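Structure record follows, encoded as structure tokens.
Read-outs throughout are calculated quantities, based only on the coordinates presented, and are distinct from any laboratory measurement. Remember, it's a predicted structure, so these values are computed and weren't measured experimentally. When we count neighbours, we look across all protein chains shown, and the Cβ atoms used for this are built from the backbone with ideal geometry, even at glycine.
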């Protein structure tokens, strides 16, 4: 994917990270592709933990360090460094999901005042800063 001038901060959900690593950009919506090409990209550290979990249950074969390093090199993906206390406090207000990964990933994006690229229906319905 071609990269152009960065504008605003976009966080990526875990499945988007997996698809980008696998080169499956056709799975992304046109709006998601455009945002990824144009904006500054980041992920919550919770994405790394979810990737590790997915590897442990054998849903993916590659670990988070390798995936995130590749996307850092290819797309300039950064790891958010917001204080966990800030993210956790925001996550406590997201009572619309019991999924701890979704809750913290969305809270990190909210605390960073970033949009979240996600295909997840619950996140898109309930998190006003989600885009797809």
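Things to note:
- Evaluation of residue 39 against (1) within 16 Å of residue 109 (Cα to Cα); (2) under 12 Å from the mean Cα position of the chain (by Cα) (one fails), failing number: (2)
- Number of positions in segment 50-64 that are part of a loop (DSSP other than H, G, I, E, B) and loosely packed, with under 14 Cβ neighbours inside 10 Å: 4
- Only a single criterion out of (1) out of contact with any helix residue (DSSP H, G or I) (no Cβ under 7 Å at 6 or more places or on another chain); (2) within 14 Å of residue 15 (Cα to Cα); (3) surrounded by 12 or more Cβ atoms within 10 Å (Cβ to Cβ) is not satisfied by residue 121, namely (3).
- Out of 79, 46, one residue alone is in contact with a strand residue (DSSP E or B) (Cβ under 7 Å, 6 or more places away or on another chain) and over 16 Å from residue 129 (Cα atoms). It is 79.
- The condition of being under 19 Å from residue 27 (Cα atoms) and free of Cβ contacts under 8 Å to residues at least 60 places away in the same chain holds for only one of 71, 116, that being 71.
- Matching option when the condition is surrounded by fewer than 16 Cβ atoms within 10 Å (Cβ to Cβ) and part of a helix (DSSP H, G or I), among 74, 102: 74
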